[in-house]
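The values are calculated or read from the model by the stated rules, or taken from the named source; none is laboratory data. These numbers were taken from a predicted model, which means no experiment stands behind them. In this analysis, Cβ positions are derived from the backbone assuming ideal geometry, glycine residues included, and neighbour counts consider all displayed protein chains. For accessibility, only protein heavy atoms count, side chains too; no ligands or nucleic acids. Shrake-Rupley method; radii C 1.70, N 1.55, O 1.52, S 1.80 Å.
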Amino acid sequence: MKKIILIILFFIPYIFFSQIKEIEVRECNNIGTISQGVYFIKNEKCTDGNYKFTFRDFNYSHITINRFFEFKDIDGAYDKLFDSIINGFSDIKKDLYFELPNQILIIKYSSTLGMKGFSFYIKDKKTGEEGVSNIFSKNQAYKLFGKK
């Protein structure tokens with residue numbers, strides 16, 4: 001009987017510790033940030049190979065809701081996104097659509113008083129939640145993507 005109790009007491013700590021698993025936290029390095037008053041957008045490259053864009057949702061002016069989208073740079077996806085945004089300034093009437101793992105990303109162009117700009121719109125595939133960034137200029141796109 002003593003042996004059974006000793007065996008049980010010996011294995012109890014392993015049962016409890018096996019429920020806790022240490023995870024590796026990824027680190028992200030800033031590539032470019034644009035701030036416009038309380039609105040911002042930040043582009044980061046993470047140690048898992050993802051590019052992560054975080055912005056304050058322009059739909060909410062009284063509360064702070066931050067949205068993000070991210071993707072892996074497979075087959076030059078990062079440069080393709082940048083080139084598509086820059087080339088889109090030549091025909092601002094056409095929005096660009098990209099499918100990401102968890103979201104749909106839409107680049108919407110606008111022109112106000114002769115100033116051309118673009119916004120990021122994201123829609124979550126599962127929940128249908130939508131978010132929109134502030135409007136950014138072509139020069140700001142270069143800064144955001146770390147190209148200038």
Run down 45, 52, 93 and say which single residue is under 16 Å from residue 146 (Cβ atoms) and open to solvent by 70 Å² or more (accessible area, probe 1.4 Å).
-> 45
Provide a single number: the residues in the range 39-49 that are under 10 Å from the mean Cα position of the chain (by Cα) and in contact (Cβ under 8 Å) with a residue 24 or more places away in the chain.
-> 2
Restricted to the range 116-134, and to residues that are charged (D, E, K, R) and within 14 Å of the chain's Cα centre (by Cα), which residue is least open to solvent (accessible area, probe 1.4 Å)?
-> 124
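State all residues of the range 52-71 that are under 16 Å from the mean Cα position of the chain (by Cα) and in a loop (DSSP other than H, G, I, E, B); if no residue qualifies, say none.
57, 58, 65
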On the given criteria, is residue 74 among the β-branched types (Val, Ile, Thr), more than 18 Å from residue 54 (Cβ to Cβ) and surrounded by fewer than 12 Cβ atoms within 10 Å (Cβ to Cβ)?
-> yes
Only one of (1) closer than 17 Å to residue 35 by Cα; (2) surrounded by fewer than 12 Cβ atoms within 10 Å (Cβ to Cβ) does not apply to residue 137, and that is (2)
Would you be able to say whether some residue in the range 81-94 is modelled with pLDDT of 90 or more, of a type in the set (A, V, I, L, M), within 15 Å of the chain's Cα centre (by Cα) and in a strand (DSSP E or B)?
-> no
Of the criteria (1) open to solvent by 80 Å² or more (accessible area, probe 1.4 Å); (2) in contact (Cβ under 8 Å) with a residue 12 or more places away in the chain; (3) not acidic (Asp, Glu), which one residue 113 fails = (2)
